[in-house]
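Structure first, then comments.
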Amino acid sequence: MLAQLTVLGSEILPGDVLKRYPSSPVAVAEDVDPSYPNSRTLRMANGTWYFCSPAQEYIVLREVDEPANTGVVLVVGNTSSPIALADLTAFACDVSDRLRFPTVVAIGRDYDPTQYEAVVLADGWSETFASAALGCEAMLADMCTLWADDVYEYPVNTVCGHCYESDPEAAPVRVEDGWTTSVCPSCVATARREALPGALVAA
């Protein structure tokens, strides 16, 4: 996805589009010549040249990777036994229903909390190494981190996360690694009948 960034002249990369020179992206960004430390040479894709100051700020459009789980909440807790995992999975359903975000249940250590919208720490999250490590990592990264009790301060959701219509029967749908947002029965039936990939995970 394209993002507008403010970077130093020394940080301009090939592919960047300069706001002050929007007609062509940068093809080659030359390193600063020691003989001319206040000037950096940019060759544009259309063959023209542009000189910039390495220490000055420039606004550029740059293609950046979109985080894989944007808009998804990571639920961290005790998964050391089948019963503990079942309890955590059931709690993740409540998280999806009340916070109105799809959830992923963290099983093991192989997750990057910073790639999620928020992290919810279920009761017992500090009892196993993997969950304690993920929880501490989220807090140290200054992530939006919620405790289990915080989740229950939010009301149960009755708005379908797919068609956005109010329906008292709207509820999260179980997916492979967590839960969708609350979805009304009509949208669930339509998605299953039409086999629409990803239809039920829309936030």
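If the condition is being part of a loop (DSSP other than H, G, I, E, B), in contact with a Pro (Cβ under 9 Å, 6 or more places away or on another chain) and surrounded by 14 or more Cβ atoms within 10 Å (Cβ to Cβ), then segment 13-29 contributes 15, 16, 25. Go through the residues of segment 3-26 one by one and say whether even a single one is among the acidic types (Asp, Glu), more than 19 Å from the chain's Cα centre (by Cα) and modelled with pLDDT under 90. No, every residue in segment 3-26 fails to be among the acidic types (Asp, Glu), more than 19 Å from the chain's Cα centre (by Cα) and modelled with pLDDT under 90. The set of residues in segment 151-167 being modelled with pLDDT of 85 or more and small (Gly, Ala, Ser) consists of 166 alone. Residues in segment 177-188: is at least one modelled with pLDDT of 90 or more, part of a helix (DSSP H, G or I) and crowded, with 17+ Cβ neighbours inside 10 Å? Among the residues of segment 177-188, not one is modelled with pLDDT of 90 or more, part of a helix (DSSP H, G or I) and crowded, with 17+ Cβ neighbours inside 10 Å, which makes the answer no. Specify which of the listed residues (78, 46) is open to solvent by less than 80 Å² (accessible area, probe 1.4 Å), without any contact (Cβ under 8 Å) to a residue 60 or more places away in the chain and either closer than 21 Å to residue 157 by Cα or not hydroxyl-bearing (Ser, Thr, Tyr) (or both). Every option except 78 fails the conditions. Being over 22 Å from residue 192 (Cβ atoms) and acidic (Asp, Glu) holds for only one residue in 176, 165, 127, and it is 127. Of all residues in segment 109-137, those that are free of Cβ contacts under 8 Å to residues at least 40 places away in the same chain have Cβ atoms under 7 Å from Cβ atoms of residues that are open to solvent by less than 30 Å² (accessible area, probe 1.4 Å) and small (Gly, Ala, Ser), 6 or more apart or on another chain, in 109/130; 109/133; 113/138; 126/132; 126/135. Close Cβ contacts (under 7 Å, 6 or more residues apart or on different chains) running from residues in segment 13-42 that are of a type in the set (Val, Ile, Thr) to residues that are at pLDDT below 90 and loosely packed, with under 14 Cβ neighbours inside 10 Å comprise 41/30; 41/49; 41/51. Taking segment 98-135 as the region of interest, how many residues are open to solvent by 50 Å² or more (accessible area, probe 1.4 Å) and either over 24 Å from residue 172 (Cα atoms) or not in a strand (DSSP E or B) (or both)? The total comes to 14.
Exactly one residue out of 32, 60, 72 is surrounded by 16 or more Cβ atoms within 10 Å (Cβ to Cβ) and assigned to a loop (DSSP other than H, G, I, E, B): that is 32.
Has segment 195-202 got at least one residue that is of a type outside the set (Lys, Arg), under 17 Å from residue 74 (Cβ atoms) and either under 16 Å from the mean Cα position of the chain (by Cα) or open to solvent by 20 Å² or more (accessible area, probe 1.4 Å) (or both)?
Scanning segment 195-202, I find at least one residue that is of a type outside the set (Lys, Arg), under 17 Å from residue 74 (Cβ atoms) and either under 16 Å from the mean Cα position of the chain (by Cα) or open to solvent by 20 Å² or more (accessible area, probe 1.4 Å) (or both), so the answer is yes.
Residues that are under 19 Å from residue 115 (Cβ atoms) and of a type outside the set (A, V, I, L, M, F, W, C) within segment 127-183 comprise 131, 135, 137, 142, 145, 176, 177, 178, 180, 181, listed in sequence order. May I ask you to list the residues in segment 1-52 that are within 16 Å of residue 63 (Cα to Cα) and of a type in the set (Asp, Glu)? Selection gives 11, 16. Are any of the residues in segment 40-55 touching a helix residue (DSSP H, G or I) at 6+ places or on another chain (Cβ under 6 Å), at negative phi and among the polar types (S, T, N, Q)? Checked against the condition, which is being touching a helix residue (DSSP H, G or I) at 6+ places or on another chain (Cβ under 6 Å), at negative phi and among the polar types (S, T, N, Q), segment 40-55 yields at least one hit.
The values are calculated or read from the model by the stated rules, or taken from the named source; none is laboratory data. Computed from a prediction, not measured in an experiment: that's the story for all the values here. Neighbour counts run over all protein chains shown; Cβ positions are idealised from the backbone, glycine included. Protein only, heavy atoms only, side chains kept; ligands, DNA and RNA dropped before computing areas. Shrake-Rupley method; radii C 1.70, N 1.55, O 1.52, S 1.80 Å.
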